[in-house]
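Presented below is the structure to which this report refers.
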Amino acid sequence: MSAKRIVMGFLLCLLPVALFAEGGNAALSAQGCLDASIVLQEQGRNRDAVGLLEGCLRRAIADPELRSALAWAYYHEGVLPKARTNFEEAIKAGSRRPLDLLGAAQTALEERNYDRAQTLLAEAAEKRPRLALSYYYQGKVYEAQDKPDEAIASYQRVIKEDSHFVEVRPFLAALYEKLKRIDEAWRQYARVSQVDSHHPLARAKKESLLASLTKKPDELIPPKTIGRHTAVVPAPGWDKDSIIKVGIGTSAGGNVLPRKAIAFRAAAAFVLADAASSKELAKGDAGEIWTVRVEPHDRSAAQIVDPKGKVVGSFKKSIRIKMESPESRTTILSRLSYAPGYAWGGMADRELRGEIEIALSPADKSLIIINLVSLEEYLYGVLNSEMPTHWPMEALKAQAVLARTQALYRRQVLRPHKAHGYDVCDEQHCQVYGGVAVETLRAKTAVDATRAEILTYNGNPAHSIFFSNCGGHTQSGREIGWGDVAYWRAVFDGKDSARAPHSPGQLKQWLQSEPPAHCNLPKYAGAAEFRWTRVIPAADLEARVSRKKNVGRIKNIIPLRRSRSGHVNAIRIQGTGGDLVVEREHEIRRILGLGALRSTLFVVETTYRKGRTHAFTLYGGGWGHGVGMCQAGAGGLAEGGALYKDIVAHYYPDTFLQPSSR
Ligand SMILES: [Zn+2]
Ligand SMILES: [Zn+2]
């Protein structure tokens, strides 16, 4: 049993005593009071938390943490005058902590004291410029003051600080609509649709505003096109490398997207050959745009269409685009749509090394694109998609080793995409592969410097998973429910004097502040990657939950289980007509946030108004699942002088680096 579980269990036993026995509070320290109040709030018992904190404050000396917690509890309860006096007192006590200022501002907003709210928010933003919440509430105040232009600027700032804070996009869209800036409104709704194709408002507005646009959708979210082919230099020893098959243009989950046609250009004259028999089906020239499409009337065959639009051949299974000297030439695939639910890509060209296979999938009635490329050249196109290559070289080398190991482990052991004929997909599900466009000299240097080296455990390739940012503590495979893999251990990523939190109150304070950590270097962690916030309107969550189960009006989000790191590994969404328990990491992230949360490392605060749940505020940390190597932490460790071997050893205890047998 972890220390945290013990503390939590202890607190839960203690609560009835603390709450209902005469003088029970006297036994609780300030930290104990704070912990207990948080446990109560997490169970949806905010009113009891108010009572507990009042009692604690009566007995204890004025403790700024307790004062602040009480102010927030009153705020969430909707008792605004009490919230105001307690926030003001906490501020007067000299703390002027950004979150106290923010709480006072939110209270002032609801009491329609807009000038006071703006003053407080400006101070909060000055003290913690990367905290998106300040700009969120600035936007709210400007809206209340009927200043749409200023509100737009504030909401845009939210997105600048945290592009994942998608909840502000519908606000932005509505403001643009109000100002008759329809193109911009449409673009915001389109952005929402990209991350949540079922979002009812975004879907309806995207349609209804279409007629009023002054520009074409393509001009509003322009596809990323590639002009000229790149003359690529082959990786050293590329011809002795093994070939990896990469599924191209897959969904975020690595699956085949419905695709009826593919257009492509090759850097040199090419032959389209049957993949199995090598029989020649058609011949084309450099730079010509050719198309392969599912036959409209017979879905069991695909057609080859020449640059003039003439059908010149057909096939049932798969074909390959073959060029002379393919090691120094590329193929460009046109306007592949990115997966809905991931990133902002929209449509983009993709330039690839190696050979391209186009297969007809009768089951999906769709075309599958497979890139056959040497393992090391595949890594050239992976590294920068997974870690920006201005990062320290030792971090890049660690990433190269893990990416190589990951590819081999998937090809040899997991084989997740066997049914569709490729070893790995090009999305987050396996690892993001951007092809030639993302190759850089430093990425190639890191790959070449670690050539063939992989991470092993007991002599076999390790399952070397990684993610962007742990938020200060990684979690073990067992805790997240992915199995008891010996080297998937929980590692504290804090720095120097920082200590891992060991109670609910410490966890909250830790997530609401910016403690020193290997992964908290602004140079390597984007604004909201180490610490983030989200405000989720209860109505929004209701709509998302109702797609899975009708639980009535949402009352609370109750964390059921946490890892030692603080990651939430099970939640109960409590409604007036039933509950929904969510236990899988990616499902928790997807259901709670519009377009998903950055991670499951968060604490929730629930705001109630007029007897109903109004909104959830999440204070979170990290980006990604938190198991294995923390990439931002690798950057921080390398910055401090660690070698790639040390970095890998920090996140993967008991593993070894060895040359792969290929
Ligand atoms: Zn995959
Ligand atoms: Zn970390």
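The values are calculated or read from the model by the stated rules, or taken from the named source; none is laboratory data. What you see is a predicted model; the values in this text were computed from it and never measured. We place every Cβ from the backbone using ideal geometry, glycine too, and count neighbours over all the protein chains shown. Remember, those area values only see protein heavy atoms, side chains included, never the ligands or the DNA or RNA. Shrake-Rupley method; radii C 1.70, N 1.55, O 1.52, S 1.80 Å.
Quick look at the values:
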| item | result |
| --- | --- |
| Scattering curve values for the stretch 59-199, log₁₀ I(q)/I(0), Debye with Cα scatterers, q = 0.14 Å⁻¹ | -0.69 |
| Cα-centre dipole for the stretch 529-611 with unit charges at Cβ (Lys and Arg positive, Asp and Glu negative), debye to 20 | 60 |
| Among the listed pairs Lys216/Lys549; Lys215/Lys283; Lys279/Lys308, those beyond 28 Å (Cα-Cα) | Lys216/Lys549; Lys215/Lys283 |
| Helix 114-127 vs. the chain, principal-axis angle (Cα, 0 to 90°, nearest 10) | 60 |
| Mean separation of Cα contacts under 8 Å (6+ apart) over length of the stretch 530-662, as relative contact order % | 23 |
| Computed label-point distance, nm, for sites Val312 and Glu514 using a 7 Å Cα→Cβ extension | 5.8 |
| J(HN,Hα) series, the stretch 136-152, from Karplus relation 6.51 cos²θ - 1.76 cosθ + 1.60, nearest Hz, glycine and proline x | 4, 6, 4, x, 4, 5, 4, 4, 5, 7, 6, 10, x, 5, 5, 4, 4 |
| Charge-dipole axis of the chain as Lys and Arg at +1 and Asp and Glu at -1 on Cβ define it, positive-most pick from Ile319, Gly459, Val604 | Ile319 |
| Percent accessible area from carbon and sulfur atoms, the stretch 35-150, protein chains only, probe 1.4 Å | 47 |
| Tilt relative to the chain, helix 80-92 - C-alpha long axis, 0 to 90 degrees, to 10 | 90 |
| Cβ charges +1 (Lys, Arg) and -1 (Asp, Glu), total dipole of the stretch 570-626, debye | 240 |
| Mean separation of Cα contacts under 8 Å (6+ apart) over length of the chain, as relative contact order % | 13 |
| Gyration tensor verdict on the stretch 502-545 (Cα atoms; rounded if a/c is under 1.5, prolate if a/b is larger than b/c, oblate otherwise) | oblate |
| Protection proxy ranking of 101-109, 48-56, 506-514 - average other beta-carbon atoms within 10 Å, highest first | 101-109, 48-56, 506-514 |
| D (Stokes-Einstein, µm²/s), Kirkwood Cα radius, the stretch 188-291, 0.890 mPa s at 25 °C | 133 |
| Charge context of His198, other residues only, Cβ under 10 angstrom, K/R +1, D/E -1 | +2 |
| The stretch 365-498 shape via C-alpha gyration tensor axes, a/c threshold 1.5 | oblate |
| Protection proxy ranking, peptides 32-38, 214-220, average beta carbon neighbours within 10 Å, highest first | 32-38, 214-220 |
| Long-range amide H partners of Arg335 with built H, under 5 Å | Ala348, Asp349, Arg350 |
| Rounded D (µm²/s) - the chain, Kirkwood Rh over Cα pairs, Stokes-Einstein at 20 °C, 1.002 mPa s | 79 |
| Dipole of the chain, positive direction: furthest Cα of Thr450, Gln138, Leu281, with charges on the beta-carbon | Leu281 |
| Centre separation in Å (Cα based) which lies between the stretch 92-158 and the stretch 29-70 | 25 |
| Cα gyration tensor, the stretch 202-241 - rounded (a/c under 1.5), prolate or oblate | prolate |
| Beta bridges by DSSP in the chain, antiparallel share as percent, to the nearest 5 | 95 |
| Computed [θ] at 222 nm, helices only, for the chain once each DSSP H run of length n ≥ 4 contributes -39500 (n - 2.57) | -11500 deg cm²/dmol |
| Cα-centre dipole for the chain with unit charges at Cβ (Lys and Arg positive, Asp and Glu negative), debye to 20 | 1160 |
| Segments 531-537, 517-523 sorted - mean Cβ within 10 Å per residue, highest first | 531-537, 517-523 |
| Percent accessible area from carbon and sulfur atoms, the stretch 426-577, protein chains only, probe 1.4 Å | 46 |
